[in-house]
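I have placed the structure first, in the form of structure tokens, so that the comments after it can refer back to it.
Quick note: the coordinates plus some simple rules give every number you see, no bench work behind them. Please read all numbers here as calculations on a predicted model, not as lab measurements.
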Amino acid sequence: MNAGGNTPATATAIIGQKVLPGKEREYESWQEGLNAAAAGYPGFLGAEISAPTPLQPDWVVVYRFDSVAHLQAWINS
């Protein structure tokens, strides 16, 4: 929330996914394609892929859009 009220809020979706052992490269390739497709949607600001760590066993993808409406439009596409 912005105290000034003049800047629109951004929207973030965080998705955790389990990947079958041995399928990590296929997953990364698929996810990169999905991220490239998401980049074509209005309001897209970026996406990040994080591989599992000892503290976070899932793959995590973070999508950022310039508004909740644009994020919802992408999710519903």
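Tabulated results
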item	result
Helix-only CD estimate at 222 nm, as mean residue ellipticity for the chain, using -39500 (n - 2.57) per DSSP H run (n ≥ 4)	-9000 deg cm²/dmol
Correct choice for Rg/Rh (Cα atoms, Kirkwood Rh) that was computed from the model, options (1) 0.97; (2) 1.19; (3) 1.06	(3)
Amide hydrogen neighbours beyond the local backbone of ASP58, cut-off 5 Å, H modeled	THR53
Angle between the chain longest axis and helix 24-38 axis [Cα atoms, degrees, rounded to 10]	20 degrees
